[in-house]
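Peer 1: What follows is a single structure, and I will ask about it in a moment.
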Amino acid sequence: MGARYPDLLARLDSVRTLGVDLGLDRVREALRRLGAPEDKFPAVQIAGTNGKGSTAAMTDAILRAAGWKTGLFTSPHLSRFTERIRAGDVEADGDRLAALDLRIVATSVPLTYFEVSTVLAFLLMAEESVDLAVLETGLGGRLDAVTTCRPVATAVTSIAFDHMDYLGTDLRSIAREKAGVIKPGVPHFIGRLPAVADEEMQKAAARVGAPLRRLGVDFFPAKEPVGLAGLHQRDNAGIARALAIAAGAALGRPIGEAALAAGLGAARWPGRLERIAADVLLDCAHNPEGAAALAAALPALASGRRLALVVSVVKDKDVAGVLAPLTGAFDLIIATASHNPRALPAAALAAALPPGPPSLVIPEARAALAEARQRMAAVGGLVVVAGSIFLVGEVRAALCGETTDPTPLSDPV
């Protein structure tokens, strides 16, 4: 009998402990031994500190509305590893991925967790004969496994401080790493970037002869109704719109206005300003830029209601930077912790809270949510769960009845 999904999860868990080892040599060799599945479909590749997942989801939705069979690769996942890989808008089957992984193991190339994930996505999309793959970059760009793809368009949605241990401690260094997705002659679309990051994109694009297109100059935020909440999603939707149009032009399948409007309106991206109950809003804001976007979106979403925040933050994140934009937006804050071992203990998180509204420490996430809902019910308020993708995944699975993996997995960083 071949490998089953639990076997794949166990193997991924074992290689996850190896951490991150950026570089393309291993994954290129594995792909070569597997028959170069990345050459069997065109792609668009999306990088950025924030917004790349939302942009990928909207790009995918537009192309599907135009009748394309797409592949979609994103990370991290909320409840199941299989969420990361979709073909034709169908989530990958775990046992099928396990069977594909036997082929990866047979290459004898030692791959990291994210490299295995990427190669699995490429193998499945090649087997499914997708018209185009929409690929979210995992970490950085220059040395990320996804960069082995063959794109017809690339994008960088935003540049901010995150993963500085791997990408550099200043915006210029981070931008250089993310500019590594740029390919010769391939149009590259960028969001509203800091000046030094924009400069690095311009240099990288000029160096390889890639047309550079800037949001607000060469293309613009989407005017169509967007299925994802928050004003910042209009910028992401503008990038998605531009990527879809570029892909259509490159492949001789122009994308019409009807598909653009239908795709953007139908786009969904779980855990991002997602209302899952009348009194519960989820958002994966886990770095300062994401927290600021959440705070900016709250007035329109809350409509004057009182607000409680249930928050957990991962130890290696900028805890103060995440908390600063949020503290003044809430009437009550409950510090908690996801079950992920990287979560900052609830008491330590509470100690890091700046002066502001009343706060509580409730280490168990479900108990924290229950307490917040009870308190907000009395005043007709809204509970916001944020600060950690792991926390959002746990809460969403519990409230939505989502199937979860028997072996919970998370990215090494």
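The values are calculated or read from the model by the stated rules, or taken from the named source; none is laboratory data. Everything numeric in this text was worked out from a predicted model, so none of it was measured. Quick reminder, even Gly has a Cβ in these numbers, built from the backbone with ideal geometry, and neighbours come from all protein chains shown. Keep in mind that these areas ignore ligands, DNA and RNA; they rest on the heavy atoms of the full protein, side chains included. Shrake-Rupley method; radii C 1.70, N 1.55, O 1.52, S 1.80 Å.
Peer 1: Mind checking which lysines have their C-alpha under 22 Å from residue 317, skipping anything on the same chain fewer than 8 residues away?
Peer 2: Straight-distance partners of residue 317: 52, 178.
Peer 1: Another question, if that's okay. Keeping every protein chain present and rolling a 1.4 Å probe, give me the accessible area per residue for the chain in Å².
Peer 2: 38
Peer 1: For helix 5-16, what angle does its Cα long axis make with the longest principal axis of the chain, in degrees from 0 to 90 and rounded to 10?
Peer 2: 90
Peer 1: Kindly give Rg over Rh for region 264-413, based on alpha-carbon atoms, with the Kirkwood expression for the hydrodynamic radius.
Peer 2: Computed over Cα atoms, the ratio is 0.93.
Peer 1: Can you give the FRET efficiency for residue 14 and residue 339, using 1/(1 + (r/R0)^6), R0 = 25 Å, r = Cβ-Cβ distance, to the nearest 0.05?
Peer 2: Efficiency computed from Cβ-Cβ geometry: 0.80.
Peer 1: Could you size up the charge dipole of region 265-358 around its Cα centre, putting +1 on the beta carbon of Lys and Arg and -1 on that of Asp and Glu, and report it in debye to the nearest 20?
Peer 2: 140
Peer 1: Continuing with the same structure: In 20 Å bins starting at 0, how do the alpha-carbon pair distances of the chain split up by percent?
Peer 2: Calculated P(r), rounded to whole percents: 28, 59, 13, 0.
Peer 1: From the backbone phi of region 219-234, what are the Karplus-calculated ³J(HN,Hα) couplings (6.51 cos²θ - 1.76 cosθ + 1.60, θ = phi - 60°) in whole Hz, Gly and Pro given as x?
Peer 2: With coefficients 6.51, -1.76 and 1.60, one gets 8, 9, x, 5, 9, 5, x, 10, x, 9, 6, x, 4, 4, 6, 5 Hz.
Peer 1: Using the Cα centre as the reference, give the magnitude of the dipole from point charges on the C-beta atoms of the chain (Lys, Arg: +1; Asp, Glu: -1; all else neutral), rounded to the nearest 20 debye.
Peer 2: Computed about the Cα centre, the dipole is about 560 debye.
Peer 1: With all distinct Cα pairs included, what does the Kirkwood hydrodynamic radius of region 301-361 come out to in Å, to one decimal, could you say?
Peer 2: In region 301-361 this quantity evaluates to 11.9 Å.
Peer 1: Go through region 193-208 residue by residue and turn each phi into a ³J(HN,Hα) via Karplus (6.51, -1.76, 1.60, θ = phi - 60°); whole Hz please, and just put x for glycine and proline.
Peer 2: So the J values, rounded to whole Hz, are 9, x, 4, 5, 6, 4, 4, 5, 4, 4, 4, 5, 5, 5, 5, 10.
Peer 1: Using only the Cα atoms of region 51-91, what do you get for the radius of gyration and for Dmax, in Å?
Peer 2: That works out to 10.1, 29 Å for Rg and Dmax.
Peer 1: Another one. To the nearest 10 degrees, how steeply does helix 52-65 sit against the main Cα axis of the chain, on a 0 to 90 scale?
Peer 2: Roughly 60 degrees, rounded to the nearest 10.
Peer 1: Let me ask something additional. Radius of gyration and Dmax for region 190-284's Cα atoms, expressed in Å?
Peer 2: According to the Cα coordinates of region 190-284, Rg and Dmax are 15.8, 51 Å.
Peer 1: Now for a separate question. Rounded, prolate or oblate: which fits region 1-44, taking a ≥ b ≥ c as square roots of the Cα gyration tensor eigenvalues, rounded meaning a/c under 1.5, else prolate when a/b beats b/c?
Peer 2: Note, shape of region 1-44 comes out oblate.
Peer 1: Which aspartates and glutamates does residue 40 reach when only Cα atoms under 15 Å apart count, and residues fewer than 8 places away in its own chain are ignored?
Peer 2: Residue 40 reaches 127, 128, 131.
Peer 1: What's the local net charge at residue 369, with K and R +1, D and E -1, over the other residues with C-beta under 12 Å away?
Peer 2: Result for the neighbourhood of residue 369: 0.
Peer 1: Restricting everything to alpha-carbon atoms, can you work out Rg to Rh for region 103-147 with a Kirkwood hydrodynamic radius?
Peer 2: The Rg/Rh ratio comes out at 0.98.
Peer 1: Hey, with R₀ at 60 Å, roughly what FRET efficiency would residue 277 and residue 170 work out to, going by the Cβ-Cβ distance, to 0.05?
Peer 2: For R0 = 60 Å, the calculated efficiency reads 0.90.
Peer 1: Set the Förster radius R0 to 45 Å, insert the Cβ-Cβ distance between residue 223 and residue 129 as r into 1/(1 + (r/R0)^6), and round the FRET efficiency to 0.05.
Peer 2: That pair, residue 223 with residue 129, gives E of 0.85.
Peer 1: For region 1-126, what does the convex hull of the Cα positions come to per residue, in cubic angstrom?
Peer 2: 118
Peer 1: So, one more: Show me, for region 255-261, the HN-Hα J-couplings you get by feeding each phi into the Karplus relation (A = 6.51, B = -1.76, C = 1.60, θ = phi - 60°), rounded to Hz, glycine and proline as x.
Peer 2: Whole-Hz 3J(HN,Hα) from phi for region 255-261: 9, x, 4, 5, 5, 4, 5.
Peer 1: Lys/Arg Cβ at +1, Asp/Glu Cβ at -1, dipole of the chain taken about the Cα centre: which of 48, 68, 161 is farthest positive-ward?
Peer 2: 68
Peer 1: Summarise the accessible area of the chain (1.4 Å probe, protein heavy atoms) by the percent that is carbon and sulfur.
Peer 2: 54
Peer 1: Hey, if you put +1 on the Cβ of every Lys and Arg and -1 on every Asp and Glu Cβ in region 184-272, which of 270, 217, 260 ends up farthest toward the positive end of that dipole?
Peer 2: Going by the charge dipole, the pick is 270.
Peer 1: In a solvent-free Debye calculation with one equal scatterer on each Cα, what is log10 I(q)/I(0) for region 364-406 at q = 0.18, 0.27 Å⁻¹, listed in the order of the q values?
Peer 2: After summing over all Cα pairs, the log10 values are -0.56, -1.02.
Peer 1: List the lysines whose alpha-carbon lies under 16 Å from that of residue 183, not counting same-chain residues fewer than 8 positions away?
Peer 2: 203
Peer 1: Hull surface divided by four, with the convex hull built on the Cα atoms of region 133-223: how many nm²?
Peer 2: About 5.9 nm², averaged over all directions.
Peer 1: At residue 268 and residue 378, where each label point lies 7 Å from the Cα along Cα→Cβ, what is the point-to-point distance in nanometres?
Peer 2: 3.5
Peer 1: For region 284-359 and region 172-241, what is the separation of their C-alpha centers, rounded to whole Å?
Peer 2: Distance between centres, Cα-based: 28 Å.
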